[in-house]
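Asker: If you scroll down you'll find the structure; I have some questions about it.
The values are calculated or read from the model by the stated rules, or taken from the named source; none is laboratory data. The structure presented is a predicted model; accordingly, all values stated were derived computationally and were not measured. Glycine gets a Cβ as well: all are built from the backbone with ideal geometry, and neighbour counts include every protein chain shown. Surface accessibility is based on the protein's heavy atoms, side chains included, excluding ligands, DNA and RNA. Shrake-Rupley method; radii C 1.70, N 1.55, O 1.52, S 1.80 Å.
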Amino acid sequence: MYKKVLLAVDGSETSMKAARIANSYLEKGVAEEITIAHVFMSREGSNYYIGSDISEKIIAASKENGEMVLEEAKAVFTSPEKVKTILKPGDIAHTIVKIAKDYDLIIIGSRGMNTIAGLLMGSVSSRVVQYADRPVLIVK
């Protein structure tokens, strides 16, 4: 039994599958509450600088997209009163691990939206497993 579960989503099919599994945990009483987290790009999480105006627009668009991703993931749940959402900027894996310090379990999809970056520097899920000090359920 998990009191608090963190579900990390990015809008990909595997993150939506992870949301359905998290919902089943709530329905079966395996989890008491779920927090859905989405981490969006920030200046700190970026490895390059493309100019203030452009980067501010990209960050704003990333945040807006993140809000939509959270709404879509929350719509999966049959008990939305037991579901919270968090939208944060930053490096995705490190931010998820930082948020997860108050949770019993992290649920995350195995492959996200950016498969090319995953091939070059490792997937977010593998980095979360590497850095997390609590159980991580990776959904394929």
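Asker: Grab the DSSP H runs of the chain that are 4 residues or longer, score each as -39,500 (n - 2.57), total them, divide by all residues and round the 222 nm result to the nearest 500 deg cm²/dmol.
Answerer: Calculated mean residue ellipticity at 222 nm is -14000 deg cm²/dmol.
Asker: So who's got an amide H within less than 5 Å of the one on Ile36, skipping anything under 5 residues away but keeping other chains? H placed 1.01 Å off N, in plane.
Answerer: Answer set, sorted by chain and number: Leu7, Lys84, Thr85, Ile86.
Asker: Cross-link candidates for Lys84: which aspartates and glutamates have Cα within less than 14 Å, leaving aside residues fewer than 8 places away along the same chain?
Answerer: Glu32, Glu33, Glu67, Glu71, Glu72, Asp102
Asker: Moving on. Can you tally the net charge around His38? Count Lys and Arg as +1, Asp and Glu as -1, for every other residue whose Cβ sits under 9 Å from the Cβ of His38.
Answerer: -1
Asker: Sticking with this one: Excluding Tyr131 itself, calculate the net charge of residues whose Cβ lies under 12 Å from the Cβ of Tyr131, where each Lys or Arg counts +1 and each Asp or Glu counts -1.
Answerer: +2
Asker: Could I ask something else about it? Report, to the nearest whole %, how much of the accessible area of the chain belongs to carbon and sulfur atoms, 1.4 Å probe, protein only.
Answerer: Here carbon and sulfur together make up 54 percent of the probe-accessible area.
Asker: So, counting K/R as plus one and D/E as minus one, what does the shell of residues with Cβ under 14 Å around Ser79 add up to?
Answerer: In short, +1.
Asker: Right, next: State which stretch of the chain is the longest one without any exposed chymotrypsin sites (Phe, Trp or Tyr not before Pro), exposure meaning a DSSP loop state and at most 13 other Cβ atoms within 10 Å.
Answerer: Excluding the exposed sites themselves, the longest stretch runs over 50-140.
Asker: Taking a probe of 1.4 Å, how large is the accessible area per residue of the chain, in Å²?
Answerer: Ligands and nucleic acids excluded, the result is 56 Å² per residue.
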